[in-house]
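Here's the structure, in structure tokens; my notes come after.
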Amino acid sequence: MFKLPVCPHCGTVYRYKDTKNAIINKENECYHCHNKFRIKLFPYVLIEAVALIAISIGINLLILSRMSSLNLIPLFVITIGILVIVILLVPFFTHFVKTEKEKDKKKKK
């Protein structure tokens with residue numbers, strides 16, 4: 001699910017910067033249709049983080065097996081690099097869902 005999120009009401013695609021701001025605010029209002037929605041990060045970000053951590057461990061083990069006289073600085077740099085990638089990719093793994101108030105309004109109609 002590697003795509004930017006969309007408004008659950010009108011389908012407006014959010015830009016990267018808008019998605020990052022929405023993650024900080026938790027509960028937001030669509031700039032197009034003005035309906036409220038909230039952010040759902042779990043389990044999408046968890047799946048992303050686990051996959052990239054496994055890749056990081058694999059790369060570190062590969063480097064350690066090839067270069068036995070290696071100090072820990074390159075391994076540390078690789079791990080920090082993967083962590084930065086995880087943080088930068090978080091907006092692509094978020095999901096917008098309707099708030100409970102919006103769901104209740106739909107049921108009443």
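For the pair R66/I87, report the inter-label distance in nm, with labels modelled 7 Å from Cα in the Cβ direction. Spacing of the two 7 Å Cα→Cβ label points: 2.7 nm.
Backbone phi angles across the stretch 44-55, fed through the Karplus curve with coefficients 6.51, -1.76 and 1.60 (θ = phi - 60°), yield HN-Hα couplings of 4, 5, 4, 5, 4, 5, 4, 5, 6, 5, 5, 5 Hz in residue order; Gly and Pro are listed as x.
Could you work out the longest stretch of the chain that avoids the chymotrypsin sites (Phe, Trp or Tyr not before Pro) located in DSSP loops with at most 14 other Cβ atoms within 10 Å? If you can, show how the numbers build up before the last one.
Numbers: sites that count: F2, Y31.
Here the longest run is 32-109.
Counting alpha carbon pairs within less than 8 Å and at least 6 residues apart, what relative contact order, in whole percent, applies to the chain? Reported as a whole number, the value is 42 percent.
Ignoring ligands, DNA and RNA, what accessible area per residue does the chain give at 1.4 Å, in Å²?
On the way: 7690 Å² over 109 residues.
Solvent-accessible surface per residue comes out at 71 Å².
The candidate values were [x] 99; [y] 89; [z] 121; the one computed from these coordinates for volume of the Cα convex hull per residue in Å³ carries the label [x].
Applied to the stretch 9-17, the Karplus parametrisation 6.51 cos²θ - 1.76 cosθ + 1.60 on θ = phi - 60° returns per-residue 3J(HN,Hα) values of 9, 10, x, 5, 7, 8, 6, 4, 5 Hz, with x for Gly and Pro.
Taken along the Cα-to-beta-carbon direction at a fixed 7 Å, the label points for T12 and H32 span 0.7 nm.
How large a share of the accessible area of the chain, in percent, is made up of carbon and sulfur atoms when the probe is 1.4 Å and the other protein chains stay in place? Don't jump to the answer; show the numbers that get you there.
Details: 5160 of 7690 Å².
So the carbon and sulfur contribution to the accessible surface is 67 percent.
Could you work out which residue, out of N71, N28, N60, moves most in a Gaussian network model of the chain, that is, has the largest mean-square fluctuation with Cα springs under 10 Å? Result for the chain, Cα springs under 10 Å: N71 fluctuates most. Sparsely packed loop sites in the stretch 1-104 (the trypsin sites (Lys or Arg not before Pro) outside DSSP H, G, I, E and B with at most 14 other Cβ atoms within 10 Å) comprise K3, R15, K26.
The values are calculated or read from the model by the stated rules, or taken from the named source; none is laboratory data. A quick note: this is a predicted structure, and the numbers were derived from the prediction, not measured. Quick reminder, even Gly has a Cβ in these numbers, built from the backbone with ideal geometry, and neighbours come from all protein chains shown. With ligands, DNA and RNA removed, areas are computed over all heavy atoms of the protein, side chains included. Shrake-Rupley method; radii C 1.70, N 1.55, O 1.52, S 1.80 Å.
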